[in-house]
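Here, each number is a calculation from the coordinates, and none is a lab measurement. The structure displayed is predicted, hence computed values, not measured ones. Every residue, glycine among them, receives a Cβ derived from its backbone with ideal geometry; neighbour counts consider all protein chains shown.
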């Protein structure tokens, strides 16, 4: 397994993996999220692939990582269902942490409240719940 920046040839496979693993929602455009992350100056998408650097290999996992200048964030951590429980998610998160090292002091992530398995996974990696309330407002939609 190799972890590298998502090759352009794997963008459709990444979006398909996100759909397959239940990470997408109807109100988010995962392809647009991916494009913004790859083109942004403070973000990227990391890919776990079966094979060697530069080859068009099988995509088995992803994590989107970026920062706002103060905190790092991780999104779209996905591992192919047939490849789970082999350390791929752990390796992707470790690589995301390394990518952020020296840029920001802290990595945060959001887990949907109904996803207990994901919360447990992150807690096993040493992440702890934060006493914060996440608020949101859509700024690119017209008010209903």
- Query: Modelled label-to-label distance, residue 139 and residue 2, 7 Å Cα→beta-carbon offset: nm?
  - Reply: 3.8 nm
- Query: If R0 is 35 Å, what FRET efficiency do you get for residue 58 and residue 131 from their C-beta distance, rounded to 0.05?
  - Reply: 0.30
- Message: Restricting to DSSP H runs of at least four residues, report the calculated mean residue ellipticity at 222 nm for the chain, -39500 (n - 2.57) per run over all residues, nearest 500 deg cm²/dmol.
- Response: -8500 deg cm²/dmol
- Query: What is segment 2-124 by shape, rounded, prolate or oblate, if you read a ≥ b ≥ c off the alpha carbon gyration tensor as root eigenvalues and call it rounded for a/c under 1.5, prolate for a/b larger than b/c, and oblate otherwise?
  - Reply: rounded
- Inter-site label distance for residue 71 and residue 120 at 7 Å from Cα along Cβ, in nm: 2.6 nm
- Query: Quick one: length gained pulling residue 113 to residue 82 fully straight, 0.36 nm per residue minus the C-alpha distance?
  - Reply: 8.7 nm
- Could you work out the Kirkwood radius for segment 58-141, taking every pair of different alpha carbons, averaging 1/r and inverting it, reported in Å? 14.1 Å
